[in-house]
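Asker: Sharing a structure with you now.
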Amino acid sequence: MTWIPVNEPALLPEDFLALKDSFDTGWISSAGKYVDQFESDWATYCGQDHGIAVSNGTAALQVAVEAVGIGAGDEVIMPSYTIISCASSVVRAGAKPVLVDCDPKTFGMVPDQVAQKITPRTKAIMVVHMFGHPVDMDPIAELASKHGLVIIEDAAEVHGAKYLSGRDGPDPVWKTCGGMGHIATFSFFANKLITTGEGGMVVTSNKAYAEKARSLRNLCFRPDRRFLHTEHGHQFRMTNMQAAIGVNQVKRIETIVDRKRAIADQYSTLLSDIEDIQLPMESDWAKNVFWVYSILLGEGHKMDAVEFAARLKEKNIETRPFFLGMHEQPVFHDMGLFIGENYPVTERIARKGLYVPSGLAITDEQIEIVSEAVRETLA
Ligand SMILES: *Cc1c(COP(=O)(O)O)cnc(C)c1O
């Protein structure tokens, strides 16, 4: 049986033609028309006024945190269940990440717990939409406006996902993920719904944040005197070649989302009768883009994710374990952070969850093979 990778991207010949154009015209650095076009197309799609393309999603978070002015003495509330890039960006800005647990079904941060962690030092809430499913944003927006907090939205896993805002009111409206934060970030890594190989973007409708982000991305060169520096920046530029690859994918985002939803649908149909596992869901106020297809073993299941993954690997199927909570990271304990903290849902799912091959290049036949292997393994 051939190896089935956990995530294979699906690039098209027209993506290559744009790349070739940037190459042939010699515009291979971060100067060039594709960067501008990618920024403007993607920001517009998200419902934001400005896009600032950067070298990756981690850099996008770093720029966003600094662009909104987070620094020493500030606290930023974020989920424990996420990638290290989130906490890392706050720590590097000299501020303190403050954690909350995640919802057992959507794996997104729990708004009630956010409320409990607000202090006079809280400056921002970093929302991280997980695995394609949006976080319940209305209560978070309400908290933010009540306490004057900035919402930073990490939308790296939810290109094209939608959230139904105002669902209990007279005028519910679908909003696009990445368009709900005061500032939002994306990754375009090879396993994301839109990919430029490596890449990221900051989007915002706040002009001051956008200008600051643009400056931070490019070493804070001053427009009036280039090599005089009054602020401390980064070199996080995206190349025109990368942006060229992204431009065409923005045009087909709805097709990409439809395919992701079809992949999830097929898996769910094939796996739904297996006992004591939890499959991805979709709240009625959400449009999930199923970035990855996750399988969470029941709490009492004799197997954990490590063994489950090893058994699937024997069948030539690659998987990825879930994130390990930020409060369980030795690197942060060494900094005196999160010591003795517990987030039971994060801890449980970190040990019992993995995701199976679900990249855009996967075939229906491969989904059948993986599903059969999952069934045999769990029988
Ligand atoms: C992928 C990802 C990132 C980081 O993106 P990179 O481009 O790999 O740096 C940040 N946040 C979340 C939630 C992600 O899934």
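Asker: So residue 19 ticks every box in (1) touching a helix residue (DSSP H, G or I) at 6+ places or on another chain (Cβ under 6 Å); (2) within 16 Å of the ligand (Cβ to nearest atom); (3) not charged (D, E, K, R) but one. Which box is left unticked?
Answerer: Looking at each condition in turn, residue 19 falls short on (2).
Asker: Please verify whether residue 292 is out of contact with any His (no Cβ under 9 Å at 6 or more places or on another chain) and either modelled with pLDDT of 95 or more or of a type in the set (Lys, Arg) (or both), treating the condition exactly as stated.
Answerer: Spelling it out, residue 292 is indeed out of contact with any His (no Cβ under 9 Å at 6 or more places or on another chain) and either modelled with pLDDT of 95 or more or of a type in the set (Lys, Arg) (or both).
Asker: Pairs, please: C-beta under 6 Å, at least 6 apart or cross-chain, first residue more than 14 Å from residue 350 (Cα to Cα) and in region 300-326, second polar (S, T, N, Q)?
Answerer: From residues that are more than 14 Å from residue 350 (Cα to Cα), the pairs are 311/377; 312/319.
Asker: Another question, if that's okay. Find the strands (runs of 3 or more DSSP E) located wholly in region 121-201 whose residues include 1 or more that are touching a residue at least 24 places away in the same chain (Cβ under 8 Å) and surrounded by fewer than 19 Cβ atoms within 10 Å (Cβ to Cβ), and list them.
Answerer: In region 121-201, 162-165, 173-176 are the strands (runs of 3 or more DSSP E) which contain 1 or more residues that are touching a residue at least 24 places away in the same chain (Cβ under 8 Å) and surrounded by fewer than 19 Cβ atoms within 10 Å (Cβ to Cβ).
Asker: From the list 200, 233, which residue is more than 16 Å from the ligand (Cβ to nearest atom) and of a type outside the set (Ser, Thr, Tyr)?
Answerer: 233
Asker: While we're on this one: Exactly one condition in (1) within 16 Å of the ligand (Cβ to nearest atom); (2) surrounded by fewer than 24 Cβ atoms within 10 Å (Cβ to Cβ); (3) over 21 Å from residue 161 (Cα atoms) is not met by residue 83; state its number.
Answerer: (3)
Asker: Give the residues of region 288-302 that are of a type outside the set (Phe, Trp, Tyr) and closer than 16 Å to residue 105 by Cβ, sorted by residue number.
Answerer: Hits for region 288-302 are 288, 292, 294, 295, 296, 297, 298, 299.
Asker: Can I ask one more? Suppose we filter region 336-379 for residues that are modelled with pLDDT under 95 and crowded, with 20+ Cβ neighbours inside 10 Å; how many remain?
Answerer: The qualifying residues number 0.
Asker: Restricting the search to region 202-218, which residues are more than 20 Å from residue 242 (Cα to Cα) and not in a helix (DSSP H, G or I)?
Answerer: Selection gives 204, 205, 206.
Asker: What are the residue pairs meeting all of these: first residue in region 43-68, first residue within 11 Å of the ligand (Cβ to nearest atom), second residue modelled with pLDDT under 95 and in a strand (DSSP E or B), Cβ atoms under 7 Å, and 6 or more apart or on different chains?
Answerer: none
Asker: Please work out which residue is nearest to the ligand (Cβ to nearest atom), limiting yourself to region 203-230 and to residues that are basic (Lys, Arg) and buried (at least 16 other Cβ atoms within 10 Å of the Cβ).
Answerer: 217
Asker: State whether the residues of region 230-250 include one that is without any contact (Cβ under 8 Å) to a residue 24 or more places away in the chain, of a type in the set (S, T, N, Q) and part of a loop (DSSP other than H, G, I, E, B).
Answerer: Yes, region 230-250 contains a residue that is without any contact (Cβ under 8 Å) to a residue 24 or more places away in the chain, of a type in the set (S, T, N, Q) and part of a loop (DSSP other than H, G, I, E, B).
Asker: Related question: Identify the single condition in (1) assigned to a loop (DSSP other than H, G, I, E, B); (2) among the aliphatic types (A, V, I, L, M); (3) closer than 26 Å to residue 88 by Cβ that residue 362 does not satisfy, given that it satisfies every other one.
Answerer: The number of the failed condition is (3).
The values are calculated or read from the model by the stated rules, or taken from the named source; none is laboratory data. Note that the coordinates shown come from a computational prediction; the quantities given were computed from them, not determined experimentally. Ideal geometry is used to build each Cβ from the backbone, glycine not excepted, and the neighbour counts take in all protein chains shown.
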